[in-house]
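Scroll down for the structure; my scribbles are underneath it.
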């Protein structure tokens, strides 16, 4: 190890690690060592080393520090280049990079079943730590980033070791580690769940129960909260005894499910995502495209390698278009992603993935998924190509994610473009050559000729001069295009003369960078020197918009001191090929033309912004960009609550990366006003799209900022309320309860102190602040639905509709949902789509299938317009079952056929159990209606298996219970119960644990369980009285009837066939007038007796 930063910063001298003297030297080494092999710009290094107090001569001061650093490192360890300085040492010789490698290796070993090897690798990595990383650095971002990165690797290694010990059944060895994690987080449920499982697996169940009791008491005493349903389920399972730890059981069950039957559910996503139409013909790349396509057939990962300006992105788009003719293709642009933490989210966002599922009839999301697992599932559904463009600045993180994804599916292929390879075993590298140059007709000269004539059709283009120019530019496409733009005002001969002079000057300087890099930089610099001063200023100031910008944004950020008219400056930049102009996508709300810089041009602009003016211009750009983001965010919130939800969703999607960059900087610099203004917009969109891990990642950092001193003029009260509501809800989802307490305290204080909070958000905040027992909710909602504010009434009606549906009051739920729907101004809004789905479910639940179809269709259309593809599939699955119930068999089969082709090549999570079960249920109902009983019942068994088959009693999702109920229903009605006896036997105990006292209150689902088990008993003849009692009680709690096999009338008809009309009539009369609550309690008592 030559460089060590996992402890005191040290270098190897005379065979031993020696602490490095000097805080600036340590800071410089850490800045370079965090990513060995990758260049870091001089301006960034100056900021890393000197922070907010740069020296008077930054370049000289940095050079002095570099020289001192070289003196204590091996020869050539620090290398200068056009992009800055880099540490040339191999990753194995820098402890932080080695820890990153070993963390990845340990995870792969564990995933491959080599648990012992994984533990050994973890121990090897652990030996790299010699102290607290960053402790000997000056306080600042660099020290915090190092500490955070090191902690990430250490946590990942610890999690891998714990999982490997669990897999080996080494609970005693795992126990101290699990206990240490729980002790360090006394209120964190996830840590205590692992400790409980570890104790239980080691035969110490009583101690596991004591852990639960202790956590429950602490939550009640400190937060006034109860443990989550999942932890209650785990405690109940341990209390019953004989249950394997949930982690192992869930893993084994998932493996068995994957191994038994292939995924066959469709995913309705476009076959192509992210590919742009070619603006003109791609010249000279036919052989490269053929070679790459051949390479993709032989290799799982292909990286198109080359410096900036070689045309990697253009080739990737063209190759993606070719491949899309035979498989789905998704292209994700990573140039705007500034942190490896955002990589998975960026890919998921492009694919339109949600981390949660809709539950039939629920107005809230259910079944929250891990974002990484969701991505694995999405890309495991069938042959597909994932294109990752511009990976060089995140190459280590990309390598980790790509390794994980291709390990999860043998059908995924990855194409990457980068300036450096990933260096993983699955990778094949294709160095993209420059365009070929010959005397006259060649790709390079043809490109210049085409672009030059486009700007000045009358230009005289001497073939020899064009050839000479292309040779001077080394055949680099970007350099050729920039030079061709000069033909507007110059002859080719003049351009050649200027370029020769420029390159002669350049080559007399540093020779440490490749010629092509120097030439490209020179062409961009030459184009820069030909710009008007106002155009240069605009380019400098607009380079910090990673996802492009509109004219309004350009005016806000660039139009000051030297830029009198931003529109004129943009026109000039576009004419000089320094900007590309993109029309708004058809079918989306138009916000005007959008301008984009090539990444190489943007990097040049950033370099120019940081040179000179003592940082004053850069600081002003930072301030104006933050103000632009604040104004856009405030308008987005206003428009959202004015009914323009679709418009806001599209606008925020277009500005997403820009807003994220502003938020990241605001949090890092503790800019409270900006952070608390921008976060509600991004967080709201993430939550609506199911990207819950994004909210969970950012919310704790937001809670570190105190906005209590902000005035309404600085940050509107609604923004603060949204921030704290999102934080409270999403950190609760993650089981991390300490931030919940902070968010609730902030909410209470905010509601008391601020008068500028809208009524709708006061109600939302009040709902978040209600006790876990639900005490006071009914009274709160009863008052809120009479509010004078229509938006407040919508929120209250939505909440009460969900509550009433769970309590079996379908009439009240439908009434509230219809009232809320009538108040939604935008038929394309999220509220409208979700309410339509709820009403479809309530109608289906009541056996009114024709009405359900109309609502489901309306919901599916709205979800598609909002790019919520996952939810769209789920709703269409519900609609197929309703079509069968309404007798529309042909239409249902046609809908299934429309879904299947998308599934066979879908890019999203068709492998998700909910989607599999949904389509299998629809297929089963169609087959049963067509008289194909054997096929239909087989599909229902497959649906139950996809959903989980109730094999794990802990953490069972409610949808899994409903699928099991429908499968039992179908078999009982057909008189063929032999194949579902095990499912029926497992159902009572699962329902009591999940839906019984202390669990989730859902009377209608309990009623559906009673109906299914009642008919099962009657068909089996094992307890006719009990079966009939369950069946008749189900009529009193509004049992769910989402699909034809669950329809109550069919079950009563089956009972009359077996027992006679008189017997059934007497039983129905005995329950007539029984209150819902009484019937509900009796059903649960019967189920408890069955499950004991």
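The values are calculated or read from the model by the stated rules, or taken from the named source; none is laboratory data. Here the structure is a predicted model, which is why all the values come from computation and not from measurement. Reconstructed Cβ throughout: ideal geometry from the backbone, glycine too, with neighbour counts over all protein chains shown.
Scanning the stretch 845-879 for residues that are part of a loop (DSSP other than H, G, I, E, B) and either out of contact with any helix residue (DSSP H, G or I) (no Cβ under 7 Å at 6 or more places or on another chain) or more than 22 Å from residue 692 (Cβ to Cβ) (or both) returns 846, 847, 848, 867, 868.
You will find that of 958, 950, 995, the residue that is within 25 Å of residue 805 (Cα to Cα), touching a strand residue (DSSP E or B) at 6+ places or on another chain (Cβ under 9 Å) and not assigned by TED's automatic domain parsing to the domain that holds residue 844 is 958 and no other. Within the stretch 385-423, the residues that satisfy the criterion of being assigned to a loop (DSSP other than H, G, I, E, B), on the phi < 0 side of the Ramachandran plot and touching a helix residue (DSSP H, G or I) at 6+ places or on another chain (Cβ under 9 Å) are 391, 409, 419, 420, 421, 422.
Looking across the stretch 424-478 at every residue that is closer than 30 Å to residue 413 by Cα and assigned to a helix (DSSP H, G or I), the one that is modelled with the lowest pLDDT is identified as 478.
Considering only residues that are assigned to a helix (DSSP H, G or I) and at positive phi, look in the stretch 606-664 and name the one that is surrounded by the most Cβ atoms within 10 Å (Cβ to Cβ). The residue in question is 615. Taking (1) crowded, with 23+ Cβ neighbours inside 10 Å; (2) within 25 Å of residue 553 (Cα to Cα); (3) modelled with pLDDT of 90 or more in turn, residue 684 satisfies each apart from (3). Exactly one residue among 186, 176 is part of a helix (DSSP H, G or I), more than 21 Å from residue 49 (Cβ to Cβ) and more than 28 Å from the chain's Cα centre (by Cα), and that residue is 176. Considering every residue within the stretch 811-823, establish whether at least one is modelled with pLDDT under 85 and touching a helix residue (DSSP H, G or I) at 6+ places or on another chain (Cβ under 9 Å). No, the stretch 811-823 has no match at all.
Residue by residue, here is whether (1) outside any loop (DSSP other than H, G, I, E, B); (2) within 25 Å of residue 619 (Cβ to Cβ); (3) in the same structural domain as residue 128 (by TED's automatic domain parsing) holds:
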position	(1), (2), (3)
25	yes, no, yes
29	yes, no, yes
32	yes, no, yes
36	no, no, yes
49	yes, yes, yes
55	no, yes, yes
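Restricting to the stretch 479-497, count the residues that are part of a helix (DSSP H, G or I) and under 16 Å from residue 578 (Cβ atoms). Result for the stretch 479-497: 10. Checking each residue in the stretch 567-605 for being modelled with pLDDT of 80 or more, surrounded by fewer than 17 Cβ atoms within 10 Å (Cβ to Cβ) and under 27 Å from the mean Cα position of the chain (by Cα) picks out no residue at all. Any idea which of 195, 187 is closer than 26 Å to residue 997 by Cβ, touching a residue at least 60 places away in the same chain (Cβ under 8 Å) and surrounded by 19 or more Cβ atoms within 10 Å (Cβ to Cβ)? Exactly one residue qualifies, and that residue is 187.
Residues in the stretch 1020-1053 that are touching a residue at least 60 places away in the same chain (Cβ under 8 Å) and farther than 23 Å from residue 1080 by Cβ: 1044 alone.
Of the residues making up the stretch 978-986, none is surrounded by 22 or more Cβ atoms within 10 Å (Cβ to Cβ), modelled with pLDDT under 90 and in a helix (DSSP H, G or I). Here residue 776 meets each of (1) modelled with pLDDT under 85; (2) on the phi < 0 side of the Ramachandran plot with one exception, condition (2).
Let's see how each residue does on (1) under 26 Å from residue 1047 (Cα atoms); (2) in contact (Cβ under 8 Å) with a residue 40 or more places away in the chain; (3) not in a helix (DSSP H, G or I):
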{"site": "757", "(1), (2), (3)": "no, yes, yes"}
{"site": "760", "(1), (2), (3)": "no, yes, no"}
{"site": "768", "(1), (2), (3)": "no, yes, no"}
{"site": "778", "(1), (2), (3)": "no, no, no"}
{"site": "792", "(1), (2), (3)": "no, no, no"}
{"site": "803", "(1), (2), (3)": "yes, no, no"}
{"site": "833", "(1), (2), (3)": "yes, no, no"}
{"site": "843", "(1), (2), (3)": "yes, no, no"}
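Remark: pairs (first residue in the stretch 855-879, at positive phi; second residue assigned to a loop (DSSP other than H, G, I, E, B); Cβ separation under 7 Å; 6+ apart in sequence or on different chains) = 867/352. Set side by side, the residues 348, 294 differ, and just one is surrounded by fewer than 19 Cβ atoms within 10 Å (Cβ to Cβ), part of a helix (DSSP H, G or I) and at pLDDT 80 or above, which is 294. Taken together, 91, 71, 80, 53 contain a single residue that is exposed (fewer than 15 other Cβ atoms within 10 Å of the Cβ) and under 28 Å from residue 15 (Cα atoms), which is 71.
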